[in-house]
């Protein structure tokens, strides 16, 4: 499927080395001011070639709004957004057209469709996530204007390196989206050595939403946390998703994990802002694990489309850590799920309004560590 969402539905299309990529956002309410230049910031945050630590592909990522916006306002009609590919080098992939790169979708696409587009990974390329980020720009703006919900994220681990401290103001000042500015030189050296070795490494991302009101989400089959997990798992290279304490809750006692409530607020947020599939009014916290990319110049024995042994060497421009560009992608998926859930809540329960008592959220000193 190339479409996700219920009342807010997003369809993406295009391949890594095709003429263009695009998306259609259906269900956005009318009256939201949006202009092409508003997409530039988040697209630049996701883009390759912005530092020596990412792929050196340089795409213009200029947005064309084809429909759904009139005189700067959304009309309620489907919003079609197009970005033309300007820096594809398909010749880099000529050798692997008849080979299966281990750890990639080459083999599974071949088995499913009987053919595949080897140019940059085709549809399985992370290039597709550009359009998720574009759609997320609209969702983030609607959430902040309509409900005061702020969505943001940061990198919380690169390989074995973890932050020593957390400061949101540091995140946007370095190419790693890293919350501890003092560690940036360490990360620079770490990534330089990794790139020189020809290998790659994974990363953990954290996306959070502040100001989410209680009540969003469905009790059984449309649980907020379940849809967040599905949305994050749909991102290329993601191998794990946690909500709140996640797998750490296995080692916790129930007396520790339960988020005690008082009239003054929640005492903790191990649940990650979701109880019974419905938002609690606390900070929604999602942690996402990205695998190390398998696009390596280091040779490895593999198999070609004829079933013969072949030496696989991936040429072209690739990220030594795909997670370095994933912060705006995770933010976008969090925002799109929240906007969809907000619209669904309004459709069924818009007349309910606020119910007393409303417990204030617990805001720990380092909420996303």
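The values are calculated or read from the model by the stated rules, or taken from the named source; none is laboratory data. All values reported here derive from a predicted model rather than from experimental measurement. Note that each Cβ is placed from the backbone with ideal geometry, even for glycine, and that neighbours are counted across all protein chains shown.
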Quick one: residue 222 ticks every box in (1) within 12 Å of residue 285 (Cβ to Cβ); (2) in contact (Cβ under 8 Å) with a residue 60 or more places away in the chain bar one, so which box is it? (1)
Looking at the range 103-146 only, could you name the residues that are assigned to a loop (DSSP other than H, G, I, E, B) and within 17 Å of residue 319 (Cβ to Cβ)? 103, 104, 105, 125
Restricting attention to the range 193-225, the residues that are under 30 Å from residue 357 (Cβ atoms) and touching a strand residue (DSSP E or B) at 6+ places or on another chain (Cβ under 9 Å) number exactly 17
Return the residue satisfying two criteria in turn: it lies in the range 235-265 and is under 30 Å from residue 106 (Cβ atoms), touching a strand residue (DSSP E or B) at 6+ places or on another chain (Cβ under 7 Å) and modelled with pLDDT of 95 or more, and of such residues it is surrounded by the most Cβ atoms within 10 Å (Cβ to Cβ). 238
Among the numbered conditions (1) at pLDDT below 95; (2) within 21 Å of the chain's Cα centre (by Cα); (3) over 30 Å from residue 194 (Cβ atoms), tell me where residue 79 comes up short. (1)
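When you look at residue 121, is it surrounded by 22 or more Cβ atoms within 10 Å (Cβ to Cβ), at pLDDT below 85 and within 21 Å of the chain's Cα centre (by Cα), yes or no? Break it down stepwise before answering.
Values: surrounded by 22 or more Cβ atoms within 10 Å (Cβ to Cβ): yes; at pLDDT below 85: yes; within 21 Å of the chain's Cα centre (by Cα): yes.
So residue 121 passes the test.
If you take the residues of the range 252-274 that are in a strand (DSSP E or B) and out of contact with any helix residue (DSSP H, G or I) (no Cβ under 9 Å at 6 or more places or on another chain), which of them is farthest from residue 325 (Cα to Cα)?
Quick first cut of the range 252-274, residues in a strand (DSSP E or B) only: 261-262, 265-266, 274.
Now drop any that are not out of contact with any helix residue (DSSP H, G or I) (no Cβ under 9 Å at 6 or more places or on another chain), which leaves 261-262, 265-266.
On the way: 261: 37, 262: 39, 265: 35, 266: 33 Å.
That would be 262.
State all residues of the range 147-169 that are part of a loop (DSSP other than H, G, I, E, B), closer than 17 Å to residue 187 by Cβ and touching a helix residue (DSSP H, G or I) at 6+ places or on another chain (Cβ under 8 Å); if no residue qualifies, say none.
Matches in the range 147-169: 159, 163, 164, 165, 167.
Can you name the residue in the range 126-148 that is farther than 12 Å from residue 39 by Cα and crowded, with 21+ Cβ neighbours inside 10 Å and is also nearest to the chain's Cα centre (by Cα) among such residues? Please lay out each step first, then the result.
Step one: list which residues in the range 126-148 are farther than 12 Å from residue 39 by Cα, which gives 126-129, 142-148.
Keeping just the survivors that are crowded, with 21+ Cβ neighbours inside 10 Å gives 126-129, 142-143.
Working: 126: 11, 127: 12, 128: 11, 129: 8, 142: 18, 143: 17 Å.
Step by step, filter the range 126-148, then rank; the result is 129.
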